[in-house]
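Before any comments, here is the structure.
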Amino acid sequence: MTKTMTAVEISEPGGPEVLRAATRPVPEPGAGQILIRVAYAGVNRPDALQRAGNYAPPPDASDLPGLEASGVVADVGPGVTEWAVGDEVCALLPGGGYAEYAVTSARHALPVPRPLGLKEAACLPETYFTVWTNVFMRGGLRGGERFLVHGGSSGIGTTAIQLAKQAGARVFATAGSAEKCRVCTELGAERAINYRDEDFVEVVRAEGGADLILDMVGGDYIPRNVKALADDGRLVMIAFLSGAKAELNFAQVMVRRLTLTGSTLRPQSEQAKAEIAEGLREWVWPMLEAGQVAPVMDSIFPLDKAAEAHARLESSEHIGKIVLEVAP
Ligand SMILES: NC(=O)c1ccc[n+]([C@@H]2O[C@H](COP(=O)([O-])OP(=O)(O)OC[C@H]3O[C@@H](n4cnc5c(N)ncnc54)[C@H](OP(=O)(O)O)[C@@H]3O)[C@@H](O)[C@H]2O)c1
């Protein structure tokens, strides 16, 4: 097998232009790992944060960006029984997706759902792992509850709306334009709130308050989220696009029995991510197989146009996922 590969690396911290083509050694799968010949790689906000120098990869992860990919298993490390060379997979990666080959734990890969191709499957791992662990495992969303997701048209948002709807929740979403709001309602939100025109706190409180909020905005949304929660409500924070600091009256947390929590996926243990994958395989993959949920794809860029893909992501004009075509 070839010893080197084409990849896109972060040449220095900065804007999209610091993403450069590079030649790197093909990584070798260690014990329990698989080597994937990457067909498509998903583009996510955390990649842009890493590129800007604000999200260092964990010490044992590739320094190349890319947290998810679809492709074909090209090699397996010692002890791998789940997969064989030639299997089509989509997988959560610790990094390194912007390349012709990537390694990851065999337990972080899932089969390509039948109705989808490799292109669509590359959109799944990062957002589905994130939504499953935060909305269902951590947030405990149940049927009949009122669920609010901010950034409803984002990769995370479009996934959260569909999975919450399937769980029987009443779904509310915020987004920054009428077009984005239309997509949120098409995906299953009962009410999409254009935050430029309307106050989400008023809208949600008029319905009795949110039992669960998934937030990626932070900043002044933190006290507003607390106001929007129903008694016993839960707020799960997964990013702070508007900042991580806020002034908050914590008496509200006590008096109304609120839970404030959050998580990041990437630094979690191999075992923790494998447990998320098991939950997805059992509960969510059947929904993908049945066509009840599906990824929303915004656009595809060739690997050597990764900088353009990042510029589109950061423009926030996109709806759903952006994908890099590596070797389809
Ligand atoms: N904690 C974790 O484990 C984890 C894992 C994956 C992703 N994330 C985070 O989840 C968020 C969504 O990820 P994604 O890949 O789905 O990204 P994305 O598609 O780029 O989503 C971000 C969306 O947030 C909305 N937004 C609201 N306020 C914003 C602001 N102040 N600045 C920029 N955008 C704002 C934008 O749409 P509007 O036009 O509606 O404003 C934008 O579409 C990101 O912040 C990412 O870092 C966290």
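General remarks:
- Residues in the stretch 43-75 that are in a loop (DSSP other than H, G, I, E, B), within 10 Å of the ligand (Cβ to nearest atom) and modelled with pLDDT of 95 or more: Asn44, Leu67.
- Just one of the listed residues (Asn44, Asn54) is surrounded by 13 or more Cβ atoms within 10 Å (Cβ to Cβ) and polar (S, T, N, Q), namely Asn44.
- Within the stretch 293-326, the set of residues being within 11 Å of the ligand (Cβ to nearest atom), surrounded by fewer than 18 Cβ atoms within 10 Å (Cβ to Cβ) and touching a residue at least 60 places away in the same chain (Cβ under 8 Å) comprises Glu314, Ser316.
- Residue list for the stretch 201-258, restricted to those being of a type in the set (Gly, Ala, Ser) and within 13 Å of the ligand (Cβ to nearest atom): Gly218, Gly219, Ala239, Ser242, Gly243, Ala244
- Failed condition for Asp231, given (1) surrounded by fewer than 13 Cβ atoms within 10 Å (Cβ to Cβ); (2) farther than 20 Å from Arg170 by Cα; (3) more than 19 Å from the chain's Cα centre (by Cα): (2)
- If you go through the stretch 207-226 and keep only what is surrounded by fewer than 16 Cβ atoms within 10 Å (Cβ to Cβ) and either among the aromatic types (Phe, Trp, Tyr) or more than 23 Å from Gln162 (Cα to Cα) (or both), you end up with Gly219, Asp220, Pro223.
- Near pairs, Cβ below 9 angstrom, 6+ apart or cross-chain, from the stretch 22-38 (on the phi > 0 side of the Ramachandran plot) to any residue that is in a loop (DSSP other than H, G, I, E, B): Gly32/Gly77; Gly32/Pro78; Gly32/Gly79; Gly32/Val80
- When we screen Glu9, Glu88, Glu100 for residues that are closer than 23 Å to Glu278 by Cα and acidic (Asp, Glu), the only hit is Glu88.
- For the stretch 160-183, a tally of residues being in contact with a Ser or Thr (Cβ under 6 Å, 6 or more places away or on another chain) and part of a helix (DSSP H, G or I) returns 2.
The values are calculated or read from the model by the stated rules, or taken from the named source; none is laboratory data. This one's a predicted model, so the numbers in the text were calculated from it and none came from an experiment. A quick note on method: Cβ atoms are made from the backbone with ideal geometry, for glycine too, and the neighbour counts reach across all protein chains shown.
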